[in-house]
Amino acid sequence: MYIFGLVLFAISFGLIGFGVFTTLVRSEKKKGRISLVVGTLFLITTFVMYTYFPSASGEDKITVDSVAVTEGEDGAFRCSVTETDYNGLTYHYEAATKEDAEAFCGQFKEGKEYTISFEYDLDTEEYTLVELVGQE
């Protein structure tokens, strides 16, 4: 995803540069305007892509330090799993009901090691727990 974004940035800046050049030289105005519009759309698409897609995702092995169920501001319930390895990094799992959050949290025991799937959101700067992959 990162490489795709860099390529899209390069293409958009190239198209915008070509459009500005042809506009200033006053040759092939139609191609210049089209490349300016397409380059600008690519640039906007790239910025939006980085906003709506998660910054990082993957699997990690964690040792659970604590597990808690809390209620969020929007009425949803969160299962928060804190690990011991990375200075108390906390992963969150959002559920609609308290029972669902407690059921998900019930899979984790303090002091045990688990393999989890997670996503990191750059906007909220939080790690979201996607699923429990396995127990070590």
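Taking the range 74-109 only, how many residues are over 13 Å from T63 (Cβ atoms), polar (S, T, N, Q) and in a strand (DSSP E or B)?
Qualifying residue count for the region: 2.
Just to check your reading of the model, which residue among S57, S35, S27 is within 16 Å of the chain's Cα centre (by Cα) and polar (S, T, N, Q)?
S57
Assuming E119 fulfils every condition listed in (1) more than 23 Å from the chain's Cα centre (by Cα); (2) of a type in the set (D, E, K, R); (3) surrounded by 15 or more Cβ atoms within 10 Å (Cβ to Cβ) apart from one, which condition is it?
(1)
Can you name the residue in the range 23-60 that is in a loop (DSSP other than H, G, I, E, B) and within 30 Å of L132 (Cα to Cα) and, of all such residues, is modelled with the highest pLDDT?
F53
Test of understanding: among E71, E59, E83, which residue is crowded, with 16+ Cβ neighbours inside 10 Å and over 21 Å from F9 (Cβ atoms)?
Of the residues listed, the single one that is crowded, with 16+ Cβ neighbours inside 10 Å and over 21 Å from F9 (Cβ atoms) is E83.
With respect to the numbered conditions (1) loosely packed, with under 13 Cβ neighbours inside 10 Å; (2) touching a residue at least 12 places away in the same chain (Cβ under 8 Å), which one is the sole condition not fulfilled by S27?
The single condition S27 does not satisfy is (2).
The values are calculated or read from the model by the stated rules, or taken from the named source; none is laboratory data. On a predicted model such as this, the values are computed, not experimentally measured, just so you know. FYI the Cβ positions are ideal-geometry reconstructions off the backbone, even for glycines, and counts take in every protein chain you see.
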